[in-house]
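First comes the structure, then the notes that go with it.
The values are calculated or read from the model by the stated rules, or taken from the named source; none is laboratory data. These numbers come from a predicted model, not from an experiment. Every residue, glycine as well, gets a Cβ built from its backbone with ideal geometry; the counts of neighbours run over all protein chains shown. Areas reflect the complete protein model, heavy atoms only, side chains present, ligands, DNA and RNA absent. Shrake-Rupley method; radii C 1.70, N 1.55, O 1.52, S 1.80 Å.
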Amino acid sequence: MVNFDLNPTERAAINQEVFQSLETFFENTKYFSVAGQLNIEEVQAYAQQYDLKESVDPMTVIATAIEGLKKYAVHSPHPKYFGLFNPRASFLSTIADYITAVFNPQIASWSNAAYAVEIEQFLINEFGQKFGYPTNAIDGTFCTGGAESNLTAMLCALNECFPNFGVEGIRGIPKKPIIYCSGESHHSIAKAAKVTGLGVNSVVTIPVDADLRMDILLLKQQIKADIQAGHHPFMVVGTAGTTGAGAIDDLTEIGKISKAHQLWFHVDAAYGGAVTISSEYKKWIKGVETSDSITLDIHKWFSVPMGTSIFLTNNKHILHQTFGISTNYMPKDGDKEKITDPYIHSIQWSRRFNGLKLYLPLAVFGWKGYAEIIQHQINLGNALRAGLIKNGWIIQNDSKLPIVCFSHPDLETATDGVAKIVNKVVQSGKAWLSVYPIHGQPTIRACITNFASTLEDIEGLIELLEAYRIAH
Ligand SMILES: *Cc1c(COP(=O)(O)O)cnc(C)c1O
């Protein structure tokens, strides 16, 4: 039989080579092309190069995998990646991922992985307090991403507002259930409506105001109209940091409206929620404490590898009501008052210990360290705005978060002027950004999403944009 573990000498050699190879990438990320030119046939051939019949030397296969990841991907760890919220993963968070893989704790149940479950519970309590939930009311679960956290929120809302939902499902709901979110909210809300069986028509999109925030007056009118039409509004989603332009809804007002109409108020703070750890900037998301639940992605502004998000709620019984189930084969744990079994508290069953990716860097650097990282990125966002304005660019979004959407009068006359410049930047491999429409007009979107980005990177981006603008 093959030796699946290899032997100690082989393991030592592989550990050394892999760490050396990764160190080279860590140290020299900025010299890589941010994005490659992708040829579909070439990538497919590269992915299919082993016929899986003969055995191959492990170092050869590992080197192939590392090379493929270097060559055929957009490098979000690159300091000139100004794209979506994909971060550079901090070194300690990558080490956490490796440690987790080796121990492979099964954190479905407390008794199987007590320490791991308690770490996640500890982090949930800490974040719940940061967001202003009462200490004794905090509950939550780790999820794989904002999409799963938002889906968890929708399921909790359904179970809270329709107590028989777990038994009868949507067939037990007499009136048409309605969810509200803004036209700028993330499409995982619509997806959650599909997955829950409600269907996308249950999601009513409220138009945004000039600053891309949910129009509160229109929300109130829509709720009245829906109730009059015999529907049953049950949930509203406010966004704290929209994916496109970083807008933050008026959470205080939405909170009040939710109370008045008994709606479950969920705040999708996947990205922007990170400011809750900053004593200076947490006021930007004021009102979040009036919510029933919150989505906070850890694999965005907290700079850890993919697969990590937190769902928080101040409703102690709802996760159990929503996900509880009883089995004969799972371990029976003792004191239900003191401990939580994640499998009856969340969508997942077998689950990965994703909390360690957050715990290691947070324990090492503390909230203070993370606050510095956030401050640094906010500073760079401000520097980018100032530098663009100096060169005649116009900022089209009103956000204090480091997401800058901009255009230039010169580009307005040209067809696809914005898209052409973005394509040129991306194809150059020197930086990465995207196009986002603001009130129907295309703009260039640059987000500082990497703690390793520097002022020189911002200056480099502006130079690049200027060069392509002048040449266009
Ligand atoms: C990224 C994002 C999501 C989706 O989160 P994933 O982690 O990609 O699943 C949801 N809402 C907002 C506001 C986001 O920015």
Within the stretch 424-442, residues in contact with a Lys or Arg (Cβ under 8 Å, 6 or more places away or on another chain) and assigned to a loop (DSSP other than H, G, I, E, B) come out as LYS430, ALA431, LEU433
Just give me the residues in the stretch 162-194 being open to solvent by 80 Å² or more (accessible area, probe 1.4 Å) and under 29 Å from HIS439 (Cα atoms), in sequence order.
-> HIS187, LYS191, LYS194
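Per-residue answers, yes or no, for (1) modelled with pLDDT of 95 or more; (2) within 16 Å of the ligand (Cβ to nearest atom); (3) not assigned by TED's automatic domain parsing to the domain that holds LEU401:
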site	(1), (2), (3)
TRP301	yes, yes, yes
ASN314	yes, no, yes
ILE318	yes, no, yes
SER326	no, no, yes
ILE339	no, no, yes
Residue pairs meeting the criteria (Cβ under 7 Å; at least 6 apart or on separate chains; first over 19 Å from ALA274 (Cβ atoms) and assigned to a loop (DSSP other than H, G, I, E, B), in the stretch 393-410; second open to solvent by 40 Å² or more (accessible area, probe 1.4 Å) and hydrophobic (A, V, I, L, M, F, W, C)) = HIS408/ILE394
Qualifying residue in the stretch 145-153 (condition: more than 16 Å from the ligand (Cβ to nearest atom), buried (at least 16 other Cβ atoms within 10 Å of the Cβ), within 30 Å of VAL404 (Cβ to Cβ) and at pLDDT 95 or above) = no
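Checking the structure you have, find out if any residue of the stretch 362-370 is under 25 Å from ALA247 (Cβ atoms) and either of a type in the set (D, E, K, R) or in contact with a helix residue (DSSP H, G or I) (Cβ under 6 Å, 6 or more places away or on another chain) (or both). Write out each step before concluding.
Pass one, the stretch 362-370, residues under 25 Å from ALA247 (Cβ atoms): 370.
Among the residues that remain, those that are also either of a type in the set (D, E, K, R) or in contact with a helix residue (DSSP H, G or I) (Cβ under 6 Å, 6 or more places away or on another chain) (or both) are: 370.
Yes, there is a match, as at least one residue in the stretch 362-370 is under 25 Å from ALA247 (Cβ atoms) and either of a type in the set (D, E, K, R) or in contact with a helix residue (DSSP H, G or I) (Cβ under 6 Å, 6 or more places away or on another chain) (or both).
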Residues satisfying the stated conditions in the stretch 1-33, i.e. among the aliphatic types (A, V, I, L, M) and either at pLDDT 95 or above or assigned to a helix (DSSP H, G or I) (or both) = LEU6, ALA12, ALA13, ILE14, VAL18, LEU22
In the stretch 435-450, anything open to solvent by 20 Å² or more (accessible area, probe 1.4 Å) and within 21 Å of HIS472 (Cβ to Cβ) is listed as VAL435, TYR436, PRO437, GLN441, PRO442
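Looking at the stretch 26-43 only, could you name the residues that are open to solvent by less than 50 Å² (accessible area, probe 1.4 Å) and within 10 Å of LYS71 (Cβ to Cβ)? Spell out how you get there, then give the answer.
In the first step, residues of the stretch 26-43 are kept if they are open to solvent by less than 50 Å² (accessible area, probe 1.4 Å); the result is 29, 34-36, 43.
Within the stretch 26-43, GLY36, VAL43 meet the criteria.
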Restrict the check to the stretch 451-459 and report whether at least one residue is in a helix (DSSP H, G or I), modelled with pLDDT under 95 and open to solvent by less than 20 Å² (accessible area, probe 1.4 Å).
-> no
Among the residues of the stretch 267-283 satisfying the criterion of being surrounded by 20 or more Cβ atoms within 10 Å (Cβ to Cβ) and part of a helix (DSSP H, G or I), which is farthest from the ligand (Cβ to nearest atom)?
-> ILE277
Out of all the residues in the stretch 96-115, which are closer than 26 Å to PHE451 by Cβ and open to solvent by less than 40 Å² (accessible area, probe 1.4 Å)?
-> ALA96, ASP97, THR100
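Quick grid of which residues meet (1) open to solvent by 70 Å² or more (accessible area, probe 1.4 Å); (2) in a helix (DSSP H, G or I); (3) on the phi > 0 side of the Ramachandran plot:
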position	(1), (2), (3)
LYS300	no, no, no
PRO305	no, no, no
ARG351	no, no, no
PRO361	no, yes, no
VAL364	yes, yes, no
LYS368	yes, yes, no
GLN375	no, yes, no
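Keeping to the stretch 350-369, report how many residues are touching a residue at least 40 places away in the same chain (Cβ under 8 Å) and out of contact with any Pro (no Cβ under 8 Å at 6 or more places or on another chain).
12
Going by what's in this entry, would VAL288 be described as more than 11 Å from the chain's Cα centre (by Cα), farther than 18 Å from PRO207 by Cα, surrounded by 18 or more Cβ atoms within 10 Å (Cβ to Cβ) and within 15 Å of the ligand (Cβ to nearest atom)?
Yes.
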